[in-house]
Amino acid sequence: MTIVRAAFFAALSFLILPGFARAQDVTLRSHDGAVEISGNLLGFDGEFYRVDTIYGELTVDGSGVACEGPGCPDLEHYVARLVFSGAPTIGRVLMPALIEAFASRGNYDVTREDLSPQELRFALNQGDGTLVGEFVFRLTNTDEGFADLLANEADIAMTLREARQDEITRAREAGLGNLMAAGQVRVLALDALIPVVAPSNPVQDISLRELAQVLSGDVTNWAALGGPDAPIDVHLWDAATGIGQASVDQVLRPEGRDVLERVQRHPDGATFAETVASDPFAIGLTTRSEQGNTWELALSGDCGFALSATRRAVKTEDYPLTAPLFIYLPARRLPKLGREFMTYLRDPSAQLVIRRAGFVDQTPEEIEINAQGDRFANAIAQAGTEVGLEELQRMVRVLGPLKRLTTTFRFEAGSVRLDAQSRSNAEQLARAMELGHYDARRLVFVGFSDGDGPAGTNRDIALRRAETVQRAVMRAAETANLERIGLELDAFGEAMPMACDDTAWGRQVNRRVEVWVR
């Protein structure tokens with residue numbers, strides 16, 4: 001009998017006597033009768049029981065015990081059941097496409113049932129009609145997704161932002177582990193926050209600082225943005241949604257601003273897009289995947305850069321307002337069918353489904369040097385006085401024969417910790433290395449920095465960041481034969497900026513580690 005929780009050692013020493021038991025709903029008895037455990041059944045994943053006992057929560061291998069009592073599952077007709085809760089953007093659009101593809105791959109028949117506008121059920125059946133799995137989706141919002149996970153009312157939270165500190169603390173207190181630990185949080189797909197207006201609006205771009213001023217109410221007339229003399233109508237997603245929260249966190253918080261009181265809120269992307277597209281004086285933040293008939297404004301800067309949320313710019317995080325789609329899992333085993341589904345989500349075929357559903361996948365792509373002329377032109381145009389021609393020529397010599405991977409790494413603001421997308425990128429790159437995709441090839445980790453400070457210091461900092469990323473990827477690539485891969489380091493500091501250094505957002509985008517391959 002295999003026991004996961006260390007507390008179970010006590011159960012090996014004591015026989016639970018009938019008079020000692022509370023009101024229990026299951027009793028697990030070893031086949032030789034030597035050990036008996038009674039408690040409230042918390043879950044069964046088809047292989048292991050989770051039981052709340054007087055010794056605490058125990059996890060018991062079902063192959064070593066017989067279950068007695070009204071709470072025992074039907075072992076002959078076990079049905080794996082997973083409950084997902086959270087963002088409708090994930091549950092209504094992306095997950096159904098992934099479940100259908102997963103079912104097709106596993107030769108399951110899948111049927112969909114709309115239980116209510118906020119609840120979906122997918123049933124997976126074998127060819128003979130035997131029900132083997134149920135995936136239930138509660139379409140609420142990011143806050144509710146975390147709340148259901150913490151209350152043990154959902155197995156997986158679907159969110160459009162990372163867990164906040166109070167949610168991480170509550171998860172630990174509830175015995176759900178560290179929500180930010182590897183394996184408990186995954187980036188499912190990528191999206192982006194984009195400023196949008198009606199197609200009839202003449203304004204074509206806006207700086208991040210101007211956008212923050214508009215959302216905070218410091219700029220109230222379109223004339224200040226190069227548009228008509230008319231008041232600005234500001235629109236955002238509802239404050240309880242992950243996108244509504246990410247809009248404030250990513251645009252206003254870095255500037256120390258609060259959202260204005262008269263902002264118009266919308267419960268979902270479709271309502272938002274319909275309203276903004278019909279109002280010539282409206283502006284707001286929505287997602288790339290739910291743009292609808294609105295018009296995207298490019299993010300500009302005083303130094304001449306302008307970025308739009310193209311698929312490649314989002315994948316590389318060169319676009320500053322990326323919005324990953326997350327799934328959070330508790331620190332316990334999912335049923336076998338659930339674990340197979342989680343494994344499938346990392347498969348290249350799943351990444352193709354994600355892309356077809358209108359989101360940005362995480363499959364690494366190689367970008368030829370001749371497709372990056374704008375980047376090198378900007379490097380020359382924006383080079384500071386400390387970045388000389390010799391360093392620019394060295395950069396061209398080193399990178400010219402290579403291709404840039406879309407796998408890029410950035411760090412959380414003021415931290416040496418990789419941000420959420422970069423942590424996912426490290427896992428993706430490590431897995432590709434384990435599969436031998438880069439055997440007999442060179443991978444060069446190249447560090448870049450912002451232009452704040454001396455160029456020499458910035459280059460040293462960039463090199464240390466490249467070393468940090470390389471170590472993280474090597475640690476994750478546990479089964480890779482690293483002797484077959486050429487791993488190298490280099491850094492060019494502030495020599496190739498991706499955005500203007502005059503804002504915190506621009507400096508964050510410029511502080512990065514790229515991966516180049518040959």
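The values are calculated or read from the model by the stated rules, or taken from the named source; none is laboratory data. Quantities reported herein were computed from a predicted structural model and do not represent experimental measurements. Don't worry about glycine lacking a Cβ; one is built from the backbone with ideal geometry, like all the others, and counts go over all protein chains shown. What goes into the accessible areas is simple: the full protein's heavy atoms, side chains included, and nothing from ligands, DNA or RNA. Shrake-Rupley method; radii C 1.70, N 1.55, O 1.52, S 1.80 Å.
Scanning region 140-154 for residues that are open to solvent by 10 Å² or more (accessible area, probe 1.4 Å) and not in a loop (DSSP other than H, G, I, E, B) gives D143, E144, A147, D148, L150. Selection of region 167-209 for residues being assigned to a loop (DSSP other than H, G, I, E, B) and touching a Gly at 6+ places or on another chain (Cβ under 7 Å) yields Q184, N201, P202, V203. Only residues that are aromatic (F, W, Y) and surrounded by fewer than 23 Cβ atoms within 10 Å (Cβ to Cβ) were counted across region 293-328, and they come to 2. In region 152-177, the residues that are under 19 Å from T59 (Cα atoms) and of a type in the set (F, W, Y) never reach a residue that is assigned to a helix (DSSP H, G or I) and open to solvent by less than 20 Å² (accessible area, probe 1.4 Å) with C-beta atoms less than 6 angstrom apart, at least six apart or across chains. When V185 is tested against (1) farther than 27 Å from R50 by Cα; (2) of a type outside the set (F, W, Y); (3) open to solvent by less than 50 Å² (accessible area, probe 1.4 Å), just one condition goes unmet, and that condition is (1). Take S449 and decide whether it is of a type outside the set (D, E), open to solvent by less than 50 Å² (accessible area, probe 1.4 Å), within 21 Å of A181 (Cα to Cα) and modelled with pLDDT under 90. It is false that S449 is of a type outside the set (D, E), open to solvent by less than 50 Å² (accessible area, probe 1.4 Å), within 21 Å of A181 (Cα to Cα) and modelled with pLDDT under 90. For region 348-357, the criterion of a residue being of a type in the set (K, R) and modelled with pLDDT of 90 or more is satisfied by at least one position. Scan region 270-288 for residues that are buried (at least 20 other Cβ atoms within 10 Å of the Cβ) and polar (S, T, N, Q) and jot them down. Passing the criteria: T286, T287. Per the conditions (1) farther than 30 Å from R311 by Cα; (2) surrounded by fewer than 18 Cβ atoms within 10 Å (Cβ to Cβ), the sole criterion not satisfied by L124 is (2). From the list R431, R459, R423, R507, the one residue that fits, being over 23 Å from the mean Cα position of the chain (by Cα), part of a helix (DSSP H, G or I) and in contact (Cβ under 8 Å) with a residue 12 or more places away in the chain, is R459. Put simply, of R404, R484 the only residue that is among the basic types (K, R) and open to solvent by less than 50 Å² (accessible area, probe 1.4 Å) is R404.
Could you look through region 220-259, keep only residues that are β-branched (V, I, T) and free of Cβ contacts under 8 Å to residues at least 40 places away in the same chain, and pick out the one that is surrounded by the most Cβ atoms within 10 Å (Cβ to Cβ)? Of everything passing the filter in region 220-259, V248 is surrounded by the most Cβ atoms within 10 Å (Cβ to Cβ). For region 100-117, filtering for residues that are touching a residue at least 24 places away in the same chain (Cβ under 8 Å) and either in a strand (DSSP E or B) or open to solvent by 20 Å² or more (accessible area, probe 1.4 Å) (or both) leaves 4.
Restricting attention to region 204-219, the residues that are open to solvent by 50 Å² or more (accessible area, probe 1.4 Å) and within 20 Å of T294 (Cα to Cα) add up to 3. Residues in region 155-166 that are open to solvent by 10 Å² or more (accessible area, probe 1.4 Å), within 21 Å of T89 (Cα to Cα) and not small (G, A, S): D155, L160, R161, E162, R164.
If you check R464, R441 for being over 25 Å from the mean Cα position of the chain (by Cα), open to solvent by less than 70 Å² (accessible area, probe 1.4 Å) and of a type in the set (K, R), only one passes: R441. Taken over region 343-356, the residue count meeting the criterion of being outside any helix (DSSP H, G or I) and surrounded by fewer than 17 Cβ atoms within 10 Å (Cβ to Cβ) is 2.
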